[in-house]
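Visitor: Before anything else, here's the structure in question.
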Amino acid sequence: MSILEFDIAALIISLIVLVNYERKKHVRDGLSAIFVTMTIITIVLPILDVLYEAGAYFQFSRGTMMGFLTLYYIGMETIALCLFLYLFGQLRLRDNLTLPFRIALSLPHFFGVAILIANQWTCQMFNYTEDGLERTLFSLFIYVAPALYLGISVGYALIHRHELKLVYKVLVYFFSGINLFAIIVQLLTDDLLIHCFTLSICILILFLNAYKDRNLLDNWTGLVNKVHLPDHIKKLIHNKIPFSLIMVRIADYSMLSSSYGVDNTELLIAQIAEFVQSFVPVGDAYQITNNCFGIIVKHKRKTDTAELQKKLYEGIDRVWNVNSMEMVCTCFISEVAYPLHCEDEKSFRSYMLYFQKMRHKRYGIISATEFGLKNKVRERQVELAMTRAMKNRSFEVHYQPICTTADQNFVSAEALVRLKDQQLGYIPPMEFIPMAEENGTIIAIGNIMLEKVCQFIASHDLEAMGISYIEVNLSTIQCLQRTFIPDLERLMEKYQIDYRKLCFEITETASNCEPKIFTENLRKLREMGFLLALDDYGTGYANLQRLITTEFDLIKFDKYMIQTTWDKEEFHETFQKLLKMFHSLGFHIVAEGVENLEQYNFLKEVGCDYIQGYYFSRPLPEDEFVDFVERHK
């Protein structure tokens, strides 16, 4: 392939990249100008090459030929600097550069350009004569600045290898390596000038990477896809750049969709997205969900995020014209700042997740304090801890002994789930269980716990220990699963356990659940031979008919009911009559939360069958529970 064909190929590739870029911009924020500059240079360089070859053939004047050569080498100097700036943009380090450092970085480029311009008259580096191009030893200085910038780029890619995406590290190494190779080839021979071609290939690769970068821009709104926001936040925090994340959520999105139609609502969202984008540079506004946006605002001297939030709210909370219709929407707006409110990317992730689903008492601008950010960050941390525990099956099961009131023999125990995370330490059940019930992970947690209890029963001789059965809490959502009974049967078969060794506790609130599948599952549990206990009696509104028809074996009185009855003597007689009624119906009674001797004596006197509480023992890990029961036979 001749020199001309290499240049034409380079020109075509660069033009294709530029045209496609202009059709739909895929390069984010301030990198856009740098990318366009590099692309234009890769277009100009082969044109200069062709003009130089044409000038040699048609014998252009020396000044013209020297001008072509000077512009060509200036382009080489500039594109190396652009690559360096592009890398800094990917690392988002530009805002972290001090003015002296910026000046120092630009000096090699300007020095190189000044020498090239001066060479027009001094000819110390190269000269064009009737015999063609003549280079001197000083011509090597043309490549000093490009080599310096390429070297710094590689160095920064190595230093920041943990923050820079793999694809960009490979691009930097490839870009630097292939350009170094092309320069060496160009120095060794004038017959194989491939530098322009290699540059165009590099630009094409950069463009294709930006094009396929996981749908960088949302097709409908034109905002950056949410998958890039965590990376943006991580880089800003890594470089200690103060910033705020302002979240905007259209509060009545569902109502708009049902009232005006999905198509019209999407058009409205596109208009709002364009309005949100107008306040920040391209690349700093993100599409989080269909009705939620996030914008990054870097803290500079005159940054007023409060005023920005006000403008956003007033601009969104108004009448919008969509397809000749007037549409009005309301919104939530909230801001969290680094390092004022959040100090790591996990905290920002927690904030974003909660913001997307929060239900607030009012619309408008909500401060981080009012937002309860610290509590929500903690919630997200606990959710992540639960995810880790489910993945590693590291939930622990503790057993709280239950004894008879008559002779204080420990005849059963309640299995209680516990969570101890490496990062957060011990997490109380009252903190993570309600969250698990809300987000549905209680099913997975319940399955893990149930299998661990089965493992415990299978590996110990409960009869020799004096333990008749183990009580396991069954959540409402577990009992609503059609797969619950088949999965339970497989588990019991796997560990070869007698069904009467397990007692499932159903909360009083859950016992009033009406769905057919729930009632059917309870009936099957009873038919299979499992014991059933009504848990937390006194906290809900269980009716007598349901208690009888479900055929519970045990009724567990909630600890707060026990405490209230104990504190008020006028309730003692009523409580005793209640126990007698349940006994007449064939129920056994368990009192939870017994903490002292006085409570125990009272419950024994009124006829309570079983006692559970800290008066005898706290919930114990498996080994401690076995030792405890052995000592108290």
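The values are calculated or read from the model by the stated rules, or taken from the named source; none is laboratory data. Remember, it's a predicted structure, so these values are computed and weren't measured experimentally. With ideal geometry, Cβ positions are generated from the backbone for all residues, glycine too; neighbour counts draw on all protein chains shown. For the accessible areas, the whole protein counts, side chains as well, though only heavy atoms, and no ligand, DNA or RNA atoms are used. Shrake-Rupley method; radii C 1.70, N 1.55, O 1.52, S 1.80 Å.
Visitor: What number of residues in segment 266-291 are in a strand (DSSP E or B) and either surrounded by 22 or more Cβ atoms within 10 Å (Cβ to Cβ) or among the aliphatic types (A, V, I, L, M) (or both)?
Guide: Filtering segment 266-291 down to residues in a strand (DSSP E or B) leaves 285-289.
Then drop every residue that is not either surrounded by 22 or more Cβ atoms within 10 Å (Cβ to Cβ) or among the aliphatic types (A, V, I, L, M) (or both), which leaves 285-288.
Final tally of qualifying residues: 4.
Visitor: Another question about this same structure. Restricted to segment 52-92, and to residues that are of a type in the set (D, E, K, R) and open to solvent by 50 Å² or more (accessible area, probe 1.4 Å), which residue is nearest to Ile241 (Cα to Cα)? Steps first, please.
Guide: Looking only at segment 52-92, we keep the residues that are of a type in the set (D, E, K, R), and these are 53, 62, 77, 92.
Cutting the leftovers down to open to solvent by 50 Å² or more (accessible area, probe 1.4 Å) gives us 53, 62.
Details: Glu53: 49, Arg62: 52 Å.
Here the answer is Glu53.
Visitor: From the list Glu520, Glu493, Glu471, Glu514, pick out the single residue that is modelled with pLDDT under 85 and acidic (Asp, Glu).
Guide: On the way: Glu520 fails: modelled with pLDDT under 85; Glu493 fails: modelled with pLDDT under 85; Glu471 fails: modelled with pLDDT under 85.
Just one listed residue meets the conditions, Glu514.
Visitor: With the condition kept exactly as written, say whether any residue in segment 249-265 is among the β-branched types (Val, Ile, Thr) and open to solvent by 60 Å² or more (accessible area, probe 1.4 Å). It would help to see each step written out before you state the result.
Guide: First, the residues of segment 249-265 that are among the β-branched types (Val, Ile, Thr): 250, 262, 265.
Subset that is open to solvent by 60 Å² or more (accessible area, probe 1.4 Å): 262.
Looking through segment 249-265, at least one residue is among the β-branched types (Val, Ile, Thr) and open to solvent by 60 Å² or more (accessible area, probe 1.4 Å).
Visitor: Only one of these conditions is not met by Ser334: (1) at pLDDT below 85; (2) under 21 Å from Cys292 (Cα atoms). Which number is it?
Guide: For Ser334, the failing item is (1).
Visitor: Is it the case that some residue within segment 126-134 is more than 15 Å from Leu83 (Cα to Cα) and in a loop (DSSP other than H, G, I, E, B)?
Guide: So the first thing to find is which residues in segment 126-134 are more than 15 Å from Leu83 (Cα to Cα), and the list is 126-134.
Next, from what is left, pick out any that are in a loop (DSSP other than H, G, I, E, B): 130-131.
Yes.
Visitor: Just one of the numbered conditions (1) at pLDDT 80 or above; (2) open to solvent by 40 Å² or more (accessible area, probe 1.4 Å); (3) charged (D, E, K, R); (4) not in a loop (DSSP other than H, G, I, E, B) is not true of Glu370; which one?
Guide: With (1) at pLDDT 80 or above; (2) open to solvent by 40 Å² or more (accessible area, probe 1.4 Å); (3) charged (D, E, K, R); (4) not in a loop (DSSP other than H, G, I, E, B) applied to Glu370, the lone miss is (1).
Visitor: I'm trying to understand the selection: among the residues of segment 405-440, which are of a type in the set (S, T, N, Q) and either closer than 22 Å to Met492 by Cα or open to solvent by less than 30 Å² (accessible area, probe 1.4 Å) (or both)?
Guide: Residues of segment 405-440 of a type in the set (S, T, N, Q): 405, 408-409, 412, 422-423, 439.
Thr405, Ser412, listed by residue number.
Visitor: Out of all the residues in segment 29-51, is one or more outside any helix (DSSP H, G or I) and either of a type outside the set (Asp, Glu) or surrounded by fewer than 18 Cβ atoms within 10 Å (Cβ to Cβ) (or both)?
Guide: The answer is yes, given that some residue of segment 29-51 is outside any helix (DSSP H, G or I) and either of a type outside the set (Asp, Glu) or surrounded by fewer than 18 Cβ atoms within 10 Å (Cβ to Cβ) (or both).
Visitor: Go through (1) open to solvent by less than 20 Å² (accessible area, probe 1.4 Å); (2) in contact with a Lys or Arg (Cβ under 8 Å, 6 or more places away or on another chain); (3) under 27 Å from Gln599 (Cβ atoms) for Leu462 and report which single condition fails.
Guide: Failed condition: (3).
Visitor: In segment 607-633, how many residues are more than 20 Å from Gly593 (Cα to Cα) and open to solvent by less than 30 Å² (accessible area, probe 1.4 Å)?
Guide: Looking only at that region, the number is 1.
Visitor: Taking segment 579-601 on its own, how many of its residues are farther than 22 Å from Leu531 by Cβ, outside any loop (DSSP other than H, G, I, E, B) and either of a type in the set (Gly, Ala, Ser) or within 53 Å of the chain's Cα centre (by Cα) (or both)?
Guide: 4
Visitor: Same structure again: Would you check if there is a residue in segment 130-149 being more than 19 Å from Asn179 (Cβ to Cβ), buried (at least 20 other Cβ atoms within 10 Å of the Cβ) and either of a type in the set (D, E, K, R) or without any contact (Cβ under 8 Å) to a residue 40 or more places away in the chain (or both)?
Guide: So far as segment 130-149 goes, no, none of its residues is more than 19 Å from Asn179 (Cβ to Cβ), buried (at least 20 other Cβ atoms within 10 Å of the Cβ) and either of a type in the set (D, E, K, R) or without any contact (Cβ under 8 Å) to a residue 40 or more places away in the chain (or both).
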